[in-house]
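The values are calculated or read from the model by the stated rules, or taken from the named source; none is laboratory data. In this text, all values refer to a predicted model and were calculated from it rather than measured experimentally. Note that each Cβ is placed from the backbone with ideal geometry, even for glycine, and that neighbours are counted across all protein chains shown.
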Amino acid sequence: MIGCTCSVCRSTDPRDKRLRPSIYLDVPTHAKLLVDTSPDLRQQALVHELTRVDAVLFTHSHADHILGLDELRRFNAIQGGAIPCYANAPTWETLRQAFSYIFDGVTSLGGGIAELDPHEITGPFTVHGVHVVPVPVWHGLMPVLGFRFGNMAYLTDCNRLDDSAWELVDGVDTLIIDALRDRPHGTHFSLAQAIDVIARIKPRRAFTTHMTHDLGHAATSARLPAGVELAYDGLVLDVSVDVE
């Protein structure tokens with residue numbers, strides 16, 4: 001946190017150095033998919049040596065999940081074309097406002113713009129042969145999307161699953177879920193609430209994401225139930241996805 005000198009912000013444990021949440025799904029022979037374009041996308045791509053983004057999936061339109069969109073320009077240049085991007089209608093509305101220069105059709109006089117191939121999410125879909133199931137969750141009063149890829153589900157920025165979501169995540173082996181802090185919050189699961197959801201879904205393993213500096217990695221991990229861990233920047237997981 002900017003200006004903070006708490007023990008977590010001053011920690012020497014690299015797992016306490018957290019950039020904005022995002023995941024990168026590498027499906028050999030099919031595609032490399034990015035979920036959200038965080039403001040840290042450039043740094044994340046450099047650190048983890050990303051060289052390709054075949055498509056982007058957006059969970060919602062908050063700044064910490066979209067403001068790295070311009071960094072897709074570099075992947076346009078590497079790949080030589082527009083990048084398919086998937087979002088629900090409200091997210092596209094915000095993206096078109098926030099990045100009007102990409103969508104207004106006016107020739108850019110100051111440099112290039114990201115080349116996007118927009119698609120609206122209205123239900124399950126397939127991108128480059130990878131099956132994606134959108135999972136409706138609630139971020140306070142805001143409906144947002146999680147995603148299921150085969151036996152893994154990613155549910156960031158939420159404090160409630162929609163009634164229809166429970167069946168969609170039934171049987172997942174790996175669950176990644178929002179857990180902001182110990183204290184309750186109006187738009188995010190607390191750690192205890194996330195653990196309750198994990199207990200109901202019963203994945204083999206679960207990882208929390210979107211933690212604040214209230215949750216130090218080592219101390220928090222020591223009190224988590226078996227099979228539940230705090231995620232950290234650079235964590236790599238092997239999962240099974242559904243493909244054509």
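Going by the structure shown, is D36 within 19 Å of G146 (Cα to Cα), surrounded by 22 or more Cβ atoms within 10 Å (Cβ to Cβ) and among the charged types (D, E, K, R)?
Working: within 19 Å of G146 (Cα to Cα): yes; surrounded by 22 or more Cβ atoms within 10 Å (Cβ to Cβ): yes; among the charged types (D, E, K, R): yes.
Criteria met by D36.
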Problem - Selection within the range 99-133 - under 30 Å from D162 (Cβ atoms), free of Cβ contacts under 8 Å to residues at least 60 places away in the same chain and loosely packed, with under 14 Cβ neighbours inside 10 Å - result: D117, E120, T122, G123, P124
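Within the range 40-73, which residues are without any contact (Cβ under 8 Å) to a residue 24 or more places away in the chain and not hydrophobic (A, V, I, L, M, F, W, C)?
Going residue by residue through the range 40-73, those that are without any contact (Cβ under 8 Å) to a residue 24 or more places away in the chain are 46, 49.
Residue satisfying the conditions is E49 alone.
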Practice task
Determine which single condition A114 fails, assuming it passes every other condition in (1) assigned to a loop (DSSP other than H, G, I, E, B); (2) in contact with a Lys or Arg (Cβ under 9 Å, 6 or more places away or on another chain); (3) farther than 13 Å from V56 by Cα.
Solution key: (3)
Problem - Residue pairs meeting the criteria (Cβ under 9 Å; at least 6 apart or on separate chains; first among the small types (G, A, S), in the range 159-176; second not in a loop (DSSP other than H, G, I, E, B)) - result: S164/V135; S164/P136; A165/V135; A165/P136; A165/V137; A165/G146; A165/L155; G171/I201
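On the basis of being buried (at least 16 other Cβ atoms within 10 Å of the Cβ) and in a strand (DSSP E or B), does P136 make the cut?
Working: buried (at least 16 other Cβ atoms within 10 Å of the Cβ): yes; in a strand (DSSP E or B): yes.
So P136 fits the description; yes.
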Practice task
Would you be able to say whether some residue in the range 140-160 is closer than 24 Å to E71 by Cβ, at pLDDT 95 or above, not in a strand (DSSP E or B) and not aromatic (F, W, Y)?
Solution key: yes
Handout entry: Check on L19, touching a residue at least 40 places away in the same chain (Cβ under 8 Å), in a loop (DSSP other than H, G, I, E, B) and within 16 Å of the chain's Cα centre (by Cα)
Key = yes
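Here's a check for you: in the range 43-55, which residue that is within 22 Å of F103 (Cα to Cα) and surrounded by fewer than 22 Cβ atoms within 10 Å (Cβ to Cβ) is nearest to the chain's Cα centre (by Cα)?
At the first step, the residues of the range 43-55 found to be within 22 Å of F103 (Cα to Cα) are 53-55.
After this cut, where a residue has to be surrounded by fewer than 22 Cβ atoms within 10 Å (Cβ to Cβ) as well, the list is 54-55.
Numbers: D54: 16, A55: 13 Å.
Among them, the one singled out is A55.
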